[in-house]
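Participant: Sharing a structure below in structure tokens format, with a few things to ask.
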Amino acid sequence: MPARASTQNGMRNGLSIPPFTDPATVVAMAVDAEAAGWDGVFLWDHMQWDTGLGLDIHDPWVLLGAMASRTERVRLGTLVTPLARRRPWMVAKHVTTLDHLSGGRAVLGVGLGVPADTDFGAFGDPEADRERAAVLDDGLELIDRLLRGGPVDHQGPRFQVRAELRPAPVQQPRPPIWVAATVPYLQPLRRAARWDGVAPLGKSAVPTPDELADYLALHEQPPDWDVVAFQGPDTPAADYAAAGATWLIDSEWPVGDWVADLRARIRSGPDG
């Protein structure tokens, strides 16, 4: 069953959860979120993060499958999967399986990924933004074709694939693809405009509503495009709606007693 649209300011309300704690706790957060009226639950995607914190980091796709089996309404996906360190055909298979398991509620969020040293360089993958962006662009083209079904003959600069993945996803022509972009850079915004949505991030903090509006004005927005805004502290939701956001995302930095704090906010609901 598709997630219902929130009536608050015309936006949907979602959560971006770092899966950096007990897996059962993360799944329970999704169950609580659906009961409390949230519209979407999305997971961070990391191999490592701040290695000095000693966090237990779990795979988002396994957790999303468990969430799908425990929920009926909320949208489920990643914010965001660093496509440059995952094989695109495996990501397409993950998304398709999640879409079937959830009854058509999967969303794929992608981006370059950070931190480049602990999530890429530590495993022998390229750290340079330009190199990872080239892999991201070719990977996106390939995933789009694989998710649409039918035979695929992709001869791109990074990937050469001849395949036909079955089954096709539940959502047609495919599940939505959201692309992260860093304010104020134009090229990531142009990339996102080729897909179904943009998730603007700041270099050191989430963009303010004014920064979001100025950034979106740099490029013409496609029709029916999702703008996924991350809510800053003490900033009214209405300000993000006025700036052009269609989704407003609450998240929690994984330090201190973050699990208890996030669970309390989840249970209070998006209007709490």
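The values are calculated or read from the model by the stated rules, or taken from the named source; none is laboratory data. Here the structure is a predicted model, which is why all the values come from computation and not from measurement. Heads up, the Cβs are rebuilt from the backbone with ideal geometry, glycines too, and the neighbour counts pull from every protein chain shown.
Participant: Report, by residue number, each residue of the range 217-252 that is part of a loop (DSSP other than H, G, I, E, B), over 24 Å from ARG190 (Cβ atoms), in contact (Cβ under 8 Å) with a residue 24 or more places away in the chain and not acidic (Asp, Glu).
Facilitator: Residues satisfying the conditions are GLN231, GLY232, THR235.
Participant: Can you tell me which residues in the range 107-126 are more than 13 Å from LEU83 (Cα to Cα) and out of contact with any strand residue (DSSP E or B) (no Cβ under 7 Å at 6 or more places or on another chain)?
Facilitator: PRO115, ASP117, THR118, GLY121, ALA122, PHE123, GLY124
Participant: Just to check your reading of the model, which residue among ARG174, ARG263, ARG190, ARG267 is surrounded by 19 or more Cβ atoms within 10 Å (Cβ to Cβ) and of a type outside the set (A, V, I, L, M, F, W, C)?
Facilitator: Being surrounded by 19 or more Cβ atoms within 10 Å (Cβ to Cβ) and of a type outside the set (A, V, I, L, M, F, W, C) holds for just one of ARG174, ARG263, ARG190, ARG267, which is ARG174.
Participant: OK, next. Quick one: in the range 80-103, of everything that is surrounded by fewer than 22 Cβ atoms within 10 Å (Cβ to Cβ) and assigned to a loop (DSSP other than H, G, I, E, B), which residue is modelled with the highest pLDDT?
Facilitator: So, considering only residues that are surrounded by fewer than 22 Cβ atoms within 10 Å (Cβ to Cβ) and assigned to a loop (DSSP other than H, G, I, E, B), the one modelled with the highest pLDDT is GLY103.
Participant: In this structure, is ALA180 part of a helix (DSSP H, G or I) and either among the hydrophobic types (A, V, I, L, M, F, W, C) or surrounded by 20 or more Cβ atoms within 10 Å (Cβ to Cβ) (or both)?
Facilitator: no
Participant: Considering the range 152-181 alone, what residues qualify as being touching a residue at least 24 places away in the same chain (Cβ under 8 Å), among the charged types (D, E, K, R) and closer than 22 Å to SER102 by Cα?
Facilitator: ARG174
Participant: Can you name the residue in the range 104-129 that is of a type in the set (A, V, I, L, M) and part of a helix (DSSP H, G or I) and is also surrounded by the most Cβ atoms within 10 Å (Cβ to Cβ) among such residues?
Facilitator: This residue is ALA116.
Participant: Could you list, in sequence order, the residues of the range 44-75 that are within 22 Å of PRO115 (Cα to Cα) and touching an Asp or Glu at 6+ places or on another chain (Cβ under 9 Å)?
Facilitator: The answer is ASP45, HIS46, MET47, GLN48, TRP49, ASP56, HIS58, ASP59, PRO60, TRP61.
Participant: Out of the range 77-98, which residues are closer than 21 Å to GLY149 by Cα and under 15 Å from the mean Cα position of the chain (by Cα)?
Facilitator: Hits for the range 77-98 are GLY77, LEU83, ARG86, VAL91, ALA92, HIS94, VAL95, LEU98.
Participant: Could I ask something else about it? Here is a check on your reading of the model: is ASP214 part of a strand (DSSP E or B) and among the acidic types (Asp, Glu)?
Facilitator: Considered against the rule, which asks whether it is part of a strand (DSSP E or B) and among the acidic types (Asp, Glu), ASP214 comes out as no.
Participant: Could you list all residues from the range 254-265 that are part of a loop (DSSP other than H, G, I, E, B) and touching a residue at least 40 places away in the same chain (Cβ under 8 Å)?
Facilitator: Passing the criteria: PRO254, VAL255.
Participant: Continuing with the same structure: Does ALA242 meet the test of being over 18 Å from TRP44 (Cα atoms), over 16 Å from the mean Cα position of the chain (by Cα) and surrounded by fewer than 18 Cβ atoms within 10 Å (Cβ to Cβ)?
Facilitator: yes
Participant: Also, quick follow-up: Which one of these is free of Cβ contacts under 8 Å to residues at least 12 places away in the same chain and among the basic types (Lys, Arg): ARG75, ARG87, ARG70?
Facilitator: Criteria check complete, one pass: ARG87.
Participant: For the range 169-177, indicate whether the set of residues that are under 16 Å from the mean Cα position of the chain (by Cα), more than 25 Å from HIS58 (Cα to Cα) and not small (Gly, Ala, Ser) is non-empty.
Facilitator: So far as the range 169-177 goes, yes, one or more of its residues are under 16 Å from the mean Cα position of the chain (by Cα), more than 25 Å from HIS58 (Cα to Cα) and not small (Gly, Ala, Ser).
Participant: Which count do you get for residues in the range 35-79 that are small (Gly, Ala, Ser) and either in a loop (DSSP other than H, G, I, E, B) or crowded, with 24+ Cβ neighbours inside 10 Å (or both)?
Facilitator: Residues that pass the stated criteria total 4.
Participant: Only one residue in ASP196, ASP214 is among the acidic types (Asp, Glu) and either buried (at least 18 other Cβ atoms within 10 Å of the Cβ) or closer than 30 Å to ALA68 by Cβ (or both). Which one?
Facilitator: Exactly one of ASP196, ASP214 is among the acidic types (Asp, Glu) and either buried (at least 18 other Cβ atoms within 10 Å of the Cβ) or closer than 30 Å to ALA68 by Cβ (or both), namely ASP196.
Participant: Condition check: out of contact with any Leu (no Cβ under 7 Å at 6 or more places or on another chain), crowded, with 17+ Cβ neighbours inside 10 Å and closer than 17 Å to ALA133 by Cα. Does PRO209 satisfy that?
Facilitator: Here the answer is no, as PRO209 does not meet what is asked.
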